[in-house]
Every structure is written in structure tokens, then in C-alpha cells.
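Notes for the one structure printed next.
The values are calculated or read from the model by the stated rules, or taken from the named source; none is laboratory data. Predicted model, so just to flag it, every value in this text is computed and none were measured. Every residue, glycine as well, gets a Cβ built from its backbone with ideal geometry; the counts of neighbours run over all protein chains shown.
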Amino acid sequence: MVQVLVSLPDSPNQCPEWAIVDLQGSLETRQPVPLGGKFVGDLHFTKQNVPILIIGHHILYGKIVDMEKPFAVIVKDESSETATDRDTDKNTSVNYVVKALIKKKLLFKQRPKPIIANIPKKL
Amino acid sequence: MDCDQNERSLEDINTVLEYAKLELSDVKPTVQCIYFSQQLDNQSFKLLELDDTVLETLTNGEKVVIRGNTDDMAVLCTQTNTFEIKEAEISNSMLITPQLDIGEDVDDSGPQNTKVSKVISVMNNYYELRPCKPKVAKLKKLLEENMYSGKECEEDEQHQGHKYCFEDLLNIVQGSEVEIKESLKKLKACQIEGLWRVLDFDFLTQVLNHIIQLCEENDWLSTGIPLDECLETLGQLFPREVIAHVIDCYANEMKSGGGQGDHDPDDQPMQIDAKFFSLSEDKICQFFAELVLKNSGKFNLKEFLKVWEQTVPQGMRTSLSQLEGIALIDRNCMPEVIWYFPVEDLPEDVGERFNTLFKTREKWSLAEISPYIRDLTTLKVDVGGLLTKYARASMMNGIKVFSSRKPVT
């Protein structure tokens with residue numbers, strides 16, 4: 001029997017807005033190597049604010065979506081471990097803190113278009 | 001390709017743009033180079049989809065609590081609402097980027113420049129909030145573990161069960177504070193010495209009978225019950241909290257002053273210290289019906305009506321409408337019978353409720369079944385909606401009746 005509190009951090013600057021790049025499918029590398037540190041792609045915006053993502057040999061056109069239901073990014077608040085004193089079985093409940101809010105995402109759901117990297121020379 | 005995050009040059013970027021057949025003039029000058037963070041970790045946090053009311057509650061600094069056992073499904077509660085928390089898995093990949101400029105945040109003029117943005121996590125799941133009814137059936141069971149029968153009985157064998165204060169209930173019942181308080185009110189629970197108790201029926205009968213007797217002796221049935229005097233007189237026999245509670249359940253507070261409603265806003269309302277209550281005819285008659293039927297099995301309807309009439313305080317009128325949700329009448333048998341059938345004892349789950357109802361009686365008219373499903377309605381689904389979903393309508397003797405859609409178990 002637990003009650004776990006979810007709260008915003010004490011000061012508003014501790015809860016920034018993050019973003020999501022939403023891709024259909026998953027990103028893979030050719031060799032099975034860890035992804036940490038790897039380059040993903042270039043993100044451009046057209047003058048009309050259409051996002052364009054170039055990943056490897058593909059170009060993806062997307063759109064900015066204002067999320068109908070924003071996400072809260074929640075993490076366990078290690079500093080708030082409390083033992084509820086009324087509980088005889090010493091229930092320690094760890095509370096959650098909202099680390100960030102995500103209200104917008106870049107949604108790429110159109111099929112990626114291949115980029116021809118080498119312009120074939122006429123023989 | 002392992003890239004130092006500062007190494008991506010404008011030259012590289014523009015080459016790619018050229019191959020992609022995009023003109024520099026088509027795009028804004030800032031290019032964001034996206035990299036996976038060195039500390040890419042897909043387990044470091046959870047994504048919780050926020051409902052409007054939850055976001056508002058959080059922003060106002062009010063309490064948002066997740067409640068439940070490890071084996072229960074967890075619920076999230078604000079002060080007033082309850083939501084089921086469900087995990088949603090998606091086939092998309094959500095790249096979580098803390099620092100990403102979007103659309104209008106990106107300047108549309110100036111020299112070409114780059115900015116690095118890091119993906120700290122790739123997520124394929126999140127937690128959804130679905131508004132739900134608080135799971136309060138448990139509350140009734142908890143409070144029935146130790147029903148109050150009077151101070152003298154508290155230490156005896158039947159009263160060794162657990163007793164709960166509000167904080168205890170919050171730890172066990174999956175609902176918001178306001179919803180739990182509403183349920184406690186519906187259960188006619190009473191706070192005695194800080195603990196929430198339901199009065200056992202026999203004890204309640206004693207208390208109520210004393211109050212009614214006092215009313216009859218003092219003609220309070222017409223003038224109203226003066227709360228303080230009543231507490232003073234009966235305070236010898238029962239805890240004051242209990243007396244006040246019973247009066248609150250079975251009587252209405254009389255508003256000070258003369259007529260109802262037409263107050264001149266400039267008039268200072270007269271301050272009256274003494275509170276007066278008038279017994280509610282409907283609630284008292286309902287109570288006596290319960291008293292008569294509770295341990296009686298099937299009662300001859302004609303006889304019941306006579307007995308009932310005689311049992312209620314003088315001057316009060318009984319009416320069949322007071323029996324809604326409390327008793328069922330079978331007019332098809334000879335003689336007609338009535339029996340105790342309280343809605344509070346029926347299952348909370350909608351499917352199970354309908355199953356029990358149809359097991360009890362094959363066909364119900366709208367008037368007969370409504371009192372037994374009204375408590376299941378929500379903002380979105382009313383009695384008609386419930387019947388459409390869970391029952392089958394047909395005509396019998398010119399009246400629309402409802403029966404089960406599927407075989408009754």
C-alpha cells in the first residue's frame with residue numbers, strides 16, 4: 001500500500017520544456033555498435049517552419065505537432081525517501097519529480113526519400 | 001561513424017543539402033546537428049501523458065498522488081479525480097531531445113550556423129491516464145471490519161477488527177480525497193474519535209429511536225430539532241459525534257429566518273446560533289422500511305404496507321417511491337410480495353451488476369431498473385446509455401422491458 005507523490009520541482013526553471021523527434025520505425029546502425037555519441041542527422045526548418053531531417057541517405061519531411069496531451073518526464077526523487085511514520089511496516093515511498101514537460105514534437109511520418117549521393121556520370 | 005560533436009562542418013552540411021536538392025534559401029540559417037548523447041539511457045525516466053486537469057493541478061502546486069498496491073493497477077489522483085495509469089507501447093521511436101529549437105524559435109535570418117542537440121533517450125512507451133471511477137467498493141469492506149455498536153462494545157470480541165483514520169484509507173483505497181469523502185458520506189460513515197466507522201444497524205436503530213422519541217415528547221417534529229439541546233440530552237447515552245451524525249443523515253438543517261430564497265442582499269442575515277433540523281420524511285420512512293424488511297425474507301406486500309405505516313412516526317406518510325433502490329416488489333405472484341434488495345449490496349463492476357440484476361429478475365421495466373444502475377452512470381454514460389450497452393430491450397404487455405444480452409451466469 002503506497003502513496004507516491006508526483007510534483008514539479010521547487011523552482012520553475014528546474015522544469016524546462018523538452019522536445020521529441022518522433023520517427024516511424026527505429027534507427028539502426030550498420031554494425032551492431034552502441035549508439036552513444038553517434039551522429040543522427042541534420043535538422044533544418046524551412047522558412048514556413050516545416051522540419052526537414054536528413055539522416056544518412058534519407059531525407060524526411062515532418063511537421064510540428066502541438067501535443068494534445070503533453071508528456072511529463074518523471075524521475076524518482078532520490079532525495080525524498082520518506083518513511084511514513086504511521087506505517088508499522090516502515091513503508092518507504094520514493095516520490096517522483098517532473099524533470100521536464102514535453103508539449104511539442106516533430107513528427108516524421110512520411111516515407112523517407114532516398115538521397116542520391118553520387119551523381120552518375122554520363123559514360 | 002564516430003563523430004566528435006563539434007566536427008560537423010558547414011561544408012559537410014551544405015554538401016548534403018545540395019544532394020538533397022534543397023536550396024539554402026529554402027531553409028532557415030540555423031542547422032541543428034543531432035547526436036546521441038554519450039550517456040544515452042532509455043531507462044532513466046518515464047513519460048507520463050498529462051490530462052488537462054492533472055497538468056493544472058501540478059502547476060498550481062496541488063497534490064498529485066499515485067496510489068495502489070503492487071498487485072493493483074496503479075491510479076493517479078488529484079484532489080478530486082482518479083485516473084487509471086496504463087502503459088502504452090508504440091512502434092514509433094521517440095527521440096527525447098532536451099534542447100531543440102522548434103519552428104518559430106529558429107531565427108529566419110542571419111548567417112548560416114550550427115547548433116548541437118543531443119538525444120538523451122529513445123522511448124517506445126509511455127504511460128497514459130484514463131479517467132476512471134474511484135475504486136471505492138473496498139471502502140465498504142474495510143469499514144465493515146469493525147462496525148460501531150456503542151462505546152460499551154468497543155473492547156468486546158466482535159470489535160477487534162481494524163479501525164481506520166482518513167490517512168489509512170488514503171493508503172489503501174484508490175481514489176481521490178474528495179471522492180473518498182463522498183463515498184464515506186454515501187456509506188453514512190461517521191468519524192468517531194478520529195476513526196471512520198459505520199454504525200451497525202441495531203445501534204443506529206437505537207439512536208434514531210431515541211431521537212424520534214425525544215421529538216415526539218417535545219413536539220420537535222413540527223418546530224424542528226434544536227441540535228444543541230438534543231446533543232445535551234442524549235449525550236449521556238451516546239457519543240455526541242454519533243448523535244450529530246445520525247441527525248445529519250436523517251434530517252435537514254432548517255435555514256434561519258423566514259421564507260426561502262427571497263433575501264434582500266442589503267439585509268444583514270440574522271445570526272442565529274442555535275441550529276435546527278427537521279426530520280426528513282422520506283429518509284425516516286426509508287429507514288423503517290429497512291427495519292421491517294431487513295431480516296424478513298419475502299414479505300406479503302399488503303401486510304408490509306400496513307406494518308410500515310404503523311411503524312413510522314405519527315404524521316409521516318409512507319410512499320412506494322421511498323423504497324427505490326431498497327426493495328423489490330413482485331406483482332406477478334399471488335399474493336404480491338416485497339423483499340429487501342439494497343443497491344449498496346450489489347457489485348460495483350457494471351457487468352457483474354447487470355448479471356446479478358438479471359439473475360434476480362429476468363425482465364425489468366425502466367422504472368424498476370433505474371434505481372439499481374443510477375450509481376453507475378458517468379458524465380458520458382447515462383441510464384439509457386448503460387441499458388443500450390448491457391441490456392436487450394423488448395416489449396411485454398405494451399411496456400418496454402430490459403433483459404440480459406447474454407446467458408446469465
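Assorted remarks:
- Residue in the range B:293-315 that is acidic (D, E), closer than 25 Å to B:T377 by Cβ and surrounded by 11 or more Cβ atoms within 10 Å (Cβ to Cβ) present: no
- Residues located in the range B:10-21, provided they are more than 7 Å from every other protein chain (Cβ to nearest Cβ) and surrounded by fewer than 20 Cβ atoms within 10 Å (Cβ to Cβ): B:L10, B:E11, B:D12, B:N14, B:T15, B:E18, B:K21
- Taken together, the residues in the range B:45-58 that are surrounded by fewer than 19 Cβ atoms within 10 Å (Cβ to Cβ) and more than 7 Å from chain A (Cβ to nearest Cβ) amount to 3.
- When restricted to residues that are under 17 Å from B:V31 (Cα atoms) and more than 7 Å from chain B (Cβ to nearest Cβ), the range A:32-51 contains 3.
- Applying the criterion of being of a type in the set (A, V, I, L, M) and touching a residue at least 24 places away in the same chain (Cβ under 8 Å) to the residues of the range B:306-335, the residue that is nearest to B:D375 (Cα to Cα) is B:I326.
- Some residue of the range B:24-47 being touching a Gly at 6+ places or on another chain (Cβ under 8 Å) and of a type in the set (F, W, Y): yes
- As a summary of the residue check, B:R67 satisfies the conditions (1) more than 7 Å from every other protein chain (Cβ to nearest Cβ); (2) assigned to a strand (DSSP E or B); (3) of a type in the set (D, E, K, R) except for the one numbered (1).
- Taking the numbered list (1) within 8 Å of chain A (Cβ to nearest Cβ); (2) surrounded by 15 or more Cβ atoms within 10 Å (Cβ to Cβ) in turn, B:E104 passes all entries but (2).
- For the range B:363-394, a tally of residues being touching a residue at least 12 places away in the same chain (Cβ under 8 Å), part of a loop (DSSP other than H, G, I, E, B) and not β-branched (V, I, T) returns 1.
- Subset of the range A:1-28 (residues that are more than 16 Å from the chain's Cα centre (by Cα) and within 9 Å of chain B (Cβ to nearest Cβ)): A:M1, A:V2, A:Q3, A:V4, A:L5, A:V6, A:S7, A:L8
- Matching option when the condition is in a strand (DSSP E or B) and surrounded by fewer than 16 Cβ atoms within 10 Å (Cβ to Cβ), among B:I96, B:I90: B:I90
- Selection of the range B:117-160 for residues being at the interface with chain A (Cβ under 10 Å from one of its Cβ atoms) and β-branched (V, I, T) yields B:V119, B:I120, B:V122.
- Residue in the range B:336-346 that is farther than 17 Å from B:Q286 by Cβ, part of a helix (DSSP H, G or I), touching a residue at least 24 places away in the same chain (Cβ under 8 Å) and under 21 Å from the mean Cα position of the chain (by Cα) present: no
- The set of residues from the range B:23-36 being at the interface with chain A (Cβ under 7 Å from one of its Cβ atoms) and in contact with a Ser or Thr (Cβ under 9 Å, 6 or more places away or on another chain) comprises B:D26, B:V27, B:K28, B:V31, B:Q32, B:C33, B:I34, B:Y35.
- Number of the condition not met by B:T82 [criteria: (1) surrounded by 13 or more Cβ atoms within 10 Å (Cβ to Cβ); (2) more than 8 Å from chain A (Cβ to nearest Cβ); (3) without any contact (Cβ under 8 Å) to a residue 12 or more places away in the chain; (4) not acidic (D, E)]: (3)
- Test: residue in the range B:174-184 that is among the β-branched types (V, I, T), surrounded by fewer than 20 Cβ atoms within 10 Å (Cβ to Cβ) and within 19 Å of B:F238 (Cα to Cα): no
- Restricting the range B:347-356 to residues that are within 18 Å of B:S183 (Cβ to Cβ) and assigned to a helix (DSSP H, G or I) leaves a set whose member that is modelled with the lowest pLDDT is B:V350.
- On inspection, B:K359 fails the criterion of being in a loop (DSSP other than H, G, I, E, B) and either surrounded by 17 or more Cβ atoms within 10 Å (Cβ to Cβ) or charged (D, E, K, R) (or both).
- B:E62 vs. criteria outside any helix (DSSP H, G or I) and either within 7 Å of chain A (Cβ to nearest Cβ) or of a type outside the set (A, V, I, L, M) (or both): yes
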